[in-house]
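Step one of this worksheet: look at the structure below.
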Amino acid sequence: MSGNTETDERSMPYEVSIHRCDSYDDPKVIKAVEASLAPLGGLESVIKATDRVLIKLNLLSAKPPEAAVTTHPAIVRATIKLVQELGATPVVGDSPGGGSTRASYKKLLEKTGIRQVVEDTGCEWVRFDEATLEVASDKAKTFKKLTLAKAVTEADVIIGLLKLKTHSLTYYTGAVKLLYGYIPGMFKTEFHLHTARDINLFADLLLDLHETYPPALTIMDAIVGMEGDGPSNGNPRKIGLVLASKSCTALDYVAVTIAGFDPISVPTVKLAQERGVGPARLEDIELFGEPVEPLIMGDFEKTSTTSPTSLSRAPPFLVNSFKRFIAVKPVVNASKCIRCGECFKDCPPKATTLAKTGPTIDYSKCIRCYCCQELCPEGAITISTPVVRRLLKR
């Protein structure tokens with residue numbers, strides 16, 4: 001059982017460290033990671049020499065590091081090195097979107113640059129889809145039983161390494177959203193079906209995962225992030241930062257603020273605040289390193305699905321009344337489609353069918369989880385946004 005299940009976010013101070021880093025040059029990255037950890041007490045404040053340390057990555061799909069889809073190998077290398085210097089045993093792993101086989105996972109590690117890091121450092125790797133365990137959680141609010149990767153439950157310490165990106169379903173993917181990878185591939189389908197079109201219920205699931213197995217430490221790769229229709233088909237965006245915190249929810253609050261979001265518009269940030277496990281304002285967080293205000297990006301491109309601030313703060317009954325006028329949907333770009341069938345295979349409600357001319361989507365079945373858009377290897381599925389929604393964002 002993971003030692004950090006004893007962590008209670010309600011009793012922790014909200015502290016976030018922010019440091020500049022302008023490239024993925026290894027010496028610069030390790031200097032920035034060490035600088036970001038120092039005011040938090042360093043790695044030694046959460047790791048002992050006898051610990052097995054699970055370094056949970058964002059390995060969504062087999063994309064090269066420069067695509068800004070996955071955690072950059074330079075950040076992974078720096079973290080592994082620091083864990084090894086303390087005499088602890090690092091293990092890297094994740095469950096990619098759509099699940100994986102052992103062969104496809106090895107290919108993913110190769111493509112993302114993680115395999116080279118593993119070979120250079122002698123670090124162990126694990127595929128979350130190989131061994132699972134059903135966990136009963138007394139800390140969860142809504143999802144009391146969770147099917148998780150066994151590697152998560154066996155770790156003494158968990159460190160999250162994430163990428164600052166947008167996300168079509170949750171608007172932003174950060175420290176709390178990273179933990180969805182605790183759930184092995186095909187079990188994710190069941191949870192998507194259960195939460196269906198209720199984004200707040202999905203955010204509850206993410207926070208239940210967070211409260212059950214919170215990372216002892218989270219480091220954010222924001223040297224190059226992703227804007228637009230992330231988490232896989234957006235555009236790389238140079239940000240030049242490394243952030244760190246022992247609080248996932250505080251780190252997310254700071255990151256979305258820097259990205260120019262109204263924090264209350266991001267479901268995981270809003271519900272963390274309502275649960276009492278996240279900050280309600282920036283002033284609740286003790287900041288180290290760079291001040292936040294000069295870093296805020298006014299031109300950071302949000303996803304097409306991001307809820308306008310006016311709707312985020314509107315009464316639920318009013319939002320429900322306007323749903324049919326503001327609903328977004330995934331659409332297939334036939335000119336880009338290579339008919340690989342990934343969208344059909346990975347669609348939780350099986351709303352996608354294949355034909356000779358390409359896939360078609362039955363919108364009466366579609367639950368707007370955007371798995372098809374997220375996992376399409378060619379970026380052939382985009383998000384269609386109604387005019388009313390675009391006007392509300394102005």
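Computed from the coordinates by the stated procedures, all read-outs in this text should not be read as laboratory data. Remember, it's a predicted structure, so these values are computed and weren't measured experimentally. Every residue, glycine as well, gets a Cβ built from its backbone with ideal geometry; the counts of neighbours run over all protein chains shown.
Within the stretch 239-271, the only residue that satisfies the criterion of being in contact with a His (Cβ under 8 Å, 6 or more places away or on another chain) and either among the polar types (S, T, N, Q) or over 15 Å from THR218 (Cα atoms) (or both) is THR249.
The residue that is nearest to TYR370 (Cα to Cα), among those in the stretch 88-116 that are of a type in the set (A, V, I, L, M) and not in a loop (DSSP other than H, G, I, E, B), is LEU108. Restricting SER232, SER247 to residues that are in contact with a Phe, Trp or Tyr (Cβ under 6 Å, 6 or more places away or on another chain) and small (Gly, Ala, Ser) narrows the list to SER247. In the stretch 230-242, the condition of being more than 16 Å from the chain's Cα centre (by Cα) and hydrophobic (A, V, I, L, M, F, W, C) is met by at least one residue.
The residue of the stretch 147-169 that is surrounded by the fewest Cβ atoms within 10 Å (Cβ to Cβ), among those that are of a type in the set (D, E, K, R) and touching a residue at least 40 places away in the same chain (Cβ under 8 Å), is GLU154.
Taking every residue in the stretch 110-131 that is closer than 10 Å to PRO73 by Cβ and pairing it with any residue that is buried (at least 17 other Cβ atoms within 10 Å of the Cβ) and of a type in the set (S, T, N, Q), at least 6 positions away or on another chain, the pairs with Cβ-Cβ distances below 7 Å are THR112/THR70. In the stretch 127-138, of all residues being part of a loop (DSSP other than H, G, I, E, B) and crowded, with 17+ Cβ neighbours inside 10 Å, the one that is nearest to the chain's Cα centre (by Cα) corresponds to PHE128.
In this structure, TYR172 qualifies as aromatic (Phe, Trp, Tyr), crowded, with 20+ Cβ neighbours inside 10 Å and closer than 21 Å to ILE367 by Cβ. All conditions in (1) farther than 27 Å from GLU301 by Cβ; (2) in a helix (DSSP H, G or I); (3) among the basic types (Lys, Arg) hold for LYS141, with the sole exception of (2).
Taken over the stretch 112-127, the residue count meeting the criterion of being touching a Pro at 6+ places or on another chain (Cβ under 6 Å) and over 20 Å from ALA88 (Cβ atoms) is 1.
If you go through the stretch 156-195 and keep only what is among the β-branched types (Val, Ile, Thr) and assigned to a strand (DSSP E or B), you end up with VAL157, ILE158, ILE159, THR166, THR173.
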